[in-house]
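Some notes on the structure that comes next.
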Amino acid sequence: SRFGKCLTLLPMRKSGVVYLVGAGPGDPGLLTVRGQELLRRADVVVYDHLVSPRLLHACPPHAKLVYVGKESDHPTARQPSINALLVREAAAGKQVVRLKGGDPFVFGRGGEEALALARAKIPYEVVPGVTSAIGVPAYAGIPLTHRGLASSIAIITGHEDPTKQGSSIRWRELARACDTVVCVMAVSQLPRIVRQLRRYTTRGDTPCAVIEWGTCPTQRTVTGTLRTIAGLSQRASVHPPAVLVVGDVVALRRNLRWFERRPLFGKRILVTRASDNAEPCVDQLEALGAAVERLPAIELAPV
């Protein structure tokens, strides 16, 4: 050095960070560009039950994949354990992607995870996603607002914190104040939700829809009225995940059900091409509405 000194460079410890990424309601094409970028360079990916497996294909080979999905009949990791996992991996210098269905801050418990990271002084970033409350009705052909029908929306959950004393949802105001009501995680509590809405509104003929596995090739929609929707959903054996939409905008679905009118919607197709050249075929089939399963029957490799 011309300054007569030798500068010694010491290896710097890699700084860990957690990215709370919204994966969208199911269709892998709804992941944001920022979310894709973070998955491609993640060290650890902690993902939920409703995250499309296709999204995990973007992860680098060295990435550690941790499933922490919560299912009503097969509960796995509890929230405090998930919080501790995020803190532990980031504290070890890892780039952690917490991949959550829908949007992290809309009934996704992302706020609880962010608070745990803040308390542990772990850097984090929130990457919003398409919430099921908006994306699922759109794929069912139901615009939540319409100039002639609806100018306000309310989004509620069918599963509140069980440790609370009573419900914090103001059913009386909700039933009268908003043109469209969207309820996520609604299936198991559907009779109670309908009963509360009917209690404070005189319109039992209000159009309703329950959408199962919205934005996915297996999407199924049951329509009725506030008076009939609970019984119709039970007879149709609707299972989670499902979203309930209540309001006059549901009637527009008759003309706007674009997703379910794709030519291969409802078909399941097996693609047996080699993994390295199957993607173009898969993309075309999915664009036509098919549910595609990959089962490579051949593999090309150097001798």
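Since every read-out is calculated from the coordinates, none of them should be taken as a lab result. Bear in mind the structure is a predicted one, so any value in this text is a computation, not a measurement. With ideal geometry, Cβ positions are generated from the backbone for all residues, glycine too; neighbour counts draw on all protein chains shown.
3J(HN,Hα) along region 135-147: x, 5, x, 4, 6, 8, x, 10, x, 6, 10, 7, 3 Hz, from the Karplus curve 6.51 cos²θ - 1.76 cosθ + 1.60 with θ = phi - 60°, whole Hz, x for Gly and Pro. Since only 77, 60, 126 are under comparison, the one whose Cα sits farthest along the positive direction of the charge dipole of region 53-166, derived from C-beta charges on Lys, Arg, Asp and Glu, is 60.
Computed about the Cα centre, the dipole magnitude for the chain is approximately 600 debye when only Lys and Arg (+1) and Asp and Glu (-1) carry charge, each at its Cβ. Applying the Karplus relation 6.51 cos²θ - 1.76 cosθ + 1.60 with θ = phi - 60° to region 293-303 yields 3J(HN,Hα) values of 10, 9, 9, x, 9, 8, 9, 9, 8, x, 6 Hz, where x marks Gly and Pro. Using the alpha-carbon atoms, what tilt in degrees (0 to 90, nearest 10) does helix 79-91 show relative to the longest principal axis of the chain? Roughly 30 degrees between the two axes. Mean residue ellipticity at 222 nm, helices only, the chain: -7000 deg cm²/dmol; runs of at least 4 DSSP H residues each add -39,500 (n - 2.57), and the sum is divided by the number of residues. In sequence order, region 235-243 has phi-based couplings of 5, 7, 6, 6, 10, x, x, 8, 10 Hz under the Karplus curve 6.51 cos²θ - 1.76 cosθ + 1.60, θ = phi - 60°, and Gly or Pro positions carry x. Per-peptide packing, taken as the mean over residues of other Cβ atoms within 10 Å, places 21-33, 286-298 in the sequence 21-33, 286-298 from highest down. Mean sequence separation of contacting Cα pairs (under 8 Å, at least six apart), scaled by the length of the chain, corresponds to a relative contact order of 16 percent.
Where a ≥ b ≥ c are the square roots of the eigenvalues of the C-alpha gyration tensor, would you call region 11-62 rounded, which needs a/c under 1.5, or, failing that, prolate if a/b is larger than b/c, or oblate? Prolate, since a/c reaches 1.5 and a/b exceeds b/c.
Exceedance of the 24 Å cut-off in Cα-Cα distance is limited, within the set 70/121; 100/121; 94/121, to 70/121. A Cβ-based charge dipole, computed about the Cα centre of region 97-179 with Lys and Arg at +1 and Asp and Glu at -1, lands at about 100 debye.
Computing Rg and Dmax of the Cα atoms in Å directly from the structure and comparing it against (i) 18.6, 56; (ii) 22.8, 88; (iii) 18.6, 59 singles out (ii).
Under unit Cβ charges (Lys, Arg +1; Asp, Glu -1), what dipole magnitude, rounded to 20 debye, does region 212-303 have relative to its Cα centre?
Value, rounded to 20: 620 debye.
Average projection, convex hull of the Cα set of region 100-179: 7.4 square nanometres. Around residue 57, what is the net charge, scoring Lys/Arg as +1 and Asp/Glu as -1 over all other residues with Cβ under 11 Å from its Cβ? With Lys, Arg at +1 and Asp, Glu at -1, the net is +2. The DSSP beta bridges internal to the chain are antiparallel in roughly 40% of cases. I'd like the distance between the alpha-carbon centres of region 196-216 and region 249-300, rounded to an integer number of Å. Cα centroid of region 196-216 versus Cα centroid of region 249-300: 29 Å apart.
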